[in-house]
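Data block below; observations after.
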Amino acid sequence: MDWQADGYDVIVAVSGASGASLGVAVLDRLTALRVRVHLVVTDSGERTLAHEIGPEAHGRMLLKAHRCYDNKDIGAAIASGSFPVSGMIIAPCSMKTLASIATGVSGNLVARAADVQLKERRRLVLMTRETPLHLGHLRNMTSVTEMGAIVMPPVPAFYHRPRSIEDITDHLACRGIDLLGLSLSHQARAWTGEAASNQPKIAIGSAPKSRA
Ligand SMILES: Cc1cc2nc3c(=O)[nH]c(=O)nc-3n(C[C@H](O)[C@H](O)[C@H](O)COP(=O)(O)O)c2cc1C
C-alpha cells in the first residue's frame, strides 16, 4: 500500500476499562517503532488513566502521539475510510465500547473509527477487559469476531516468568501490536519450547502420574 511507504499510521484508543497502562504501553511501543499513532481517549479512559496511573498520565500520552482527537469529534480524519491507516487497537476496551462496535452504533469517534476499520477490512484489535463475563459480553465478542475484529482479552502469560506488572503489561502490549499485522519485527517474546529455556522439565500434556 502506497501510504505505508514512509511508515505506518495506527489508531490507538483507550476506553474506560481497567488496565489503562495497556494503552500507555501500546503507545510507547508503537512510537518507539516510529509508527504514527492517532490517539483517542474516551472520557472514562481519562478517568481510569488518572485513577490507575496518575493525573498527568493522559497529558503525557497526548505529548507522545502523532495526532490526538476528541472522542466527540465524529468529523475527524480517522472517522473516514478514505483516511489511510493500517489498523486500530483499543487498549483496554470496555464492555460499553465493545457493545457499540458489535451493534454498529457509532456514537463517538472510537466506535466510529472501529466501525471504519471493519468496513474497510483492516485490522481491529480489541483488548476487551471485564471479568466475569455475562452472555451479552460473550455474544458481542462473537459478533465482532464474525465481523473481522480480533478479540484479545489482556490475559497474562506466565511462561516467560514476569517479575513485575510492567513485564506483564509490556508483554500484552507486544502481543496486541503483533496482532495488528504490520510488517515489523515480532514484538512479543516467543515461546521457543521447553528445551530452549532453562526451566525444569514439565511434561505439558502428558498423562497425570498414577497415585498407585
Ligand atoms: C476505575 C474504573 C474501572 C473500570 N473497569 C472497567 C472494566 O474493567 N471493564 C469495563 O467494561 N468497564 C469498566 N469500567 C466502567 C466503564 O468505564 C464504563 O462502562 C464507561 O461507561 C465506559 O465508557 P467508554 O467505553 O466510553 O470508555 C470501569 C470504570 C472505572 C471508573
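Picking from Pro84, Pro154, which residue would you name as being farther than 29 Å from Ile53 by Cα and touching a residue at least 60 places away in the same chain (Cβ under 8 Å)?
Pro84
Scanning the stretch 29-42 for residues that are without any contact (Cβ under 8 Å) to a residue 40 or more places away in the chain and of a type outside the set (S, T, N, Q), which turns out surrounded by the most Cβ atoms within 10 Å (Cβ to Cβ)?
Checked the stretch 29-42; the qualifying residue surrounded by the most Cβ atoms within 10 Å (Cβ to Cβ) is Val41.
Do we have Arg112 as in contact (Cβ under 8 Å) with a residue 24 or more places away in the chain and surrounded by fewer than 20 Cβ atoms within 10 Å (Cβ to Cβ) here?
Criteria not met by Arg112.
State which residue is surrounded by the most Cβ atoms within 10 Å (Cβ to Cβ) when the search covers only the stretch 116-136 and only residues that are within 14 Å of the ligand (Cβ to nearest atom) and more than 14 Å from Cys93 (Cα to Cα).
Out of the qualifying residues, it is Gly136.
Please work out which residue is modelled with the lowest pLDDT, limiting yourself to the stretch 145-156 and to residues that are under 19 Å from Ile177 (Cβ atoms) and surrounded by 12 or more Cβ atoms within 10 Å (Cβ to Cβ).
Pro156
Please go through the stretch 43-79 and give me each residue that is touching a Lys or Arg at 6+ places or on another chain (Cβ under 9 Å) and either touching a residue at least 60 places away in the same chain (Cβ under 8 Å) or more than 14 Å from the ligand (Cβ to nearest atom) (or both), ordered by number.
Hits for the stretch 43-79 are Ala65, His66, Arg67, Ala76, Ala77, Ile78, Ala79.
Filter the stretch 16-40 down to residues that are more than 16 Å from Leu126 (Cβ to Cβ), within 16 Å of the ligand (Cβ to nearest atom) and not in a helix (DSSP H, G or I), then give me how many there are.
Qualifying residue count, the stretch 16-40: 1.
The values are calculated or read from the model by the stated rules, or taken from the named source; none is laboratory data. Since this is a predicted model, take the numbers as computed values, not measurements. Glycine also receives a Cβ, built like all others from the backbone with ideal geometry; neighbour counts cover every protein chain displayed.
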